[in-house]
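Heads up: the structure comes next, in structure tokens.
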Amino acid sequence: MTRILLSLALATGAGLPLAAHHSFSAEFDHNKPVTLKGTLTKMEWINPHGWIYVDVKEVDGTVVSWAVETGGPTALLRRGVRKTDFPIGAEVLIKGFRAKNGKPIANGRTVTLPDGRDLFFGSSGTGEPRDGAEPTR
């Protein structure tokens, strides 16, 4: 019976995708800081990294949807960051680093909320730069 249950558990788990935890330098460029000001459209409070999605209006009027990686929920909670801090439709200012692949993806370091609070939401222990991002946008 134990062998059957073990086989069933292994077979069930084999079909699930693995969520890989990656280093900062594998996907993001510390030489390309970015500052994004836009409207929060979605938040995924998931492991191993959370994601927030922000629509940023470009100089020419077009809107670019950015995906911004954050630390995981446990790390964010330890820093006093709550999911409720991010209401959909809120205007936010995010500082972070661009993705190496050129897509509108960033690793977020800090976010400034509409009430003026600055929150750190970078990942820890992944090799990301320790200093803040300089504005580029």
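Here, each number is a calculation from the coordinates, and none is a lab measurement. Just so it is clear, the structure is predicted and the values come from calculations on it, not from any experiment. Note that each Cβ is placed from the backbone with ideal geometry, even for glycine, and that neighbours are counted across all protein chains shown.
Below are the figures for this structure:
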| read-out | value |
| --- | --- |
| Residue, farthest from T35 (Cα to Cα), within region 99-115, restricted to residues that are touching a Phe, Trp or Tyr at 6+ places or on another chain (Cβ under 7 Å) and in a loop (DSSP other than H, G, I, E, B) | K100 |
| Search result, residues across region 99-122 that are under 13 Å from W66 (Cβ atoms) and aliphatic (A, V, I, L, M) | A99, I105, A106, V111 |
| All strands (runs of 3 or more DSSP E) inside region 18-98 with 2 or more residues being among the basic types (K, R) and out of contact with any Leu (no Cβ under 8 Å at 6 or more places or on another chain) | 28-44 |
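Okay, residues lined up against (1) of a type in the set (A, V, I, L, M, F, W, C); (2) in contact (Cβ under 8 Å) with a residue 40 or more places away in the chain; (3) surrounded by 15 or more Cβ atoms within 10 Å (Cβ to Cβ):
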| position | (1), (2), (3) |
| --- | --- |
| P33 | no, yes, yes |
| S65 | no, no, no |
| P73 | no, no, yes |
| L93 | yes, yes, yes |
